[in-house]
Amino acid sequence: TVCPMAAAASFAGVLHVTVHSISDFTDAAGFMDKTDPFVQLSLGNETYRTGVKDNAGGAAIFSEKLSFNKQVDENILKVAVFDKDTISDDRLGERDVDLNMQDLSGDELTEFDVVKEGKTVGKVYLLFDACV
């Protein structure tokens, strides 16, 4: 197994990001409507998303691995949490993650605050794995 050094994200190759879970988001999406969350990740020109957790509320376990073909200069992972709606999905919050500051060994689950309008609205838990 070969892993880029922790905090050395300036590599090119496959980056696996496991979206483990979210917590502390609002449970209600409106009157008698629970939040149906999903997580979207973007790196460079690639964007992937988890499945939707119907009526899960503000906390959900996804345990979904999303894989990116990372380029050397792509070091910012954009994380967004949404509430799935019939008409249009509502963005609950977002966060940019600097991959240069992350352990890419696949060993460490990391918690990130997710923000909307300057206020922390919840947390997302991610695991990064660039080992080949």
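Could you look at the chain and say what percent of its accessible area is carbon and sulfur, using a 1.4 Å probe and all protein chains? Looking at the chain in its full context, I get 50 percent from C and S. Using a cutoff of 8 angstrom between alpha carbon atoms and counting only pairs six or more residues apart, the relative contact order for the chain works out to 34 percent.
Measuring nothing but how far apart in sequence close Cα pairs (under 8 Å, 6+ apart) lie, relative to its length, the stretch 69-115 scores a relative contact order of 35 percent.
Among the GluC sites (Glu not before Pro) within the stretch 32-118, those in coil by DSSP and having at most 13 neighbouring Cβ atoms inside 10 Å are GLU117. Near SER21: Cβ cut-off under 13 Å, other residues only, Lys/Arg at +1 and Asp/Glu at -1. The net charge is -1. Close lysine pairs were tallied over the chain: pairs 8 or more places apart or on different chains with Cα atoms under 20 Å apart number 16.
Listed values for the stretch 50-67 are Karplus-derived 3J(HN,Hα) couplings in whole Hz (6.51 cos²θ - 1.76 cosθ + 1.60, θ = phi - 60°), namely 6, x, 8, 9, 4, 6, 6, x, x, 9, 7, 9, 9, 6, 10, 9, 10, 10, and x replaces Gly and Pro.
The values are calculated or read from the model by the stated rules, or taken from the named source; none is laboratory data. Worth saying up front: this structure is predicted, and the values here are computed from it rather than measured. A quick note on method: Cβ atoms are made from the backbone with ideal geometry, for glycine too, and the neighbour counts reach across all protein chains shown. Each accessible area value is taken on the protein alone, full model and side chains, heavy atoms only, with ligands, DNA and RNA left out. Shrake-Rupley method; radii C 1.70, N 1.55, O 1.52, S 1.80 Å.
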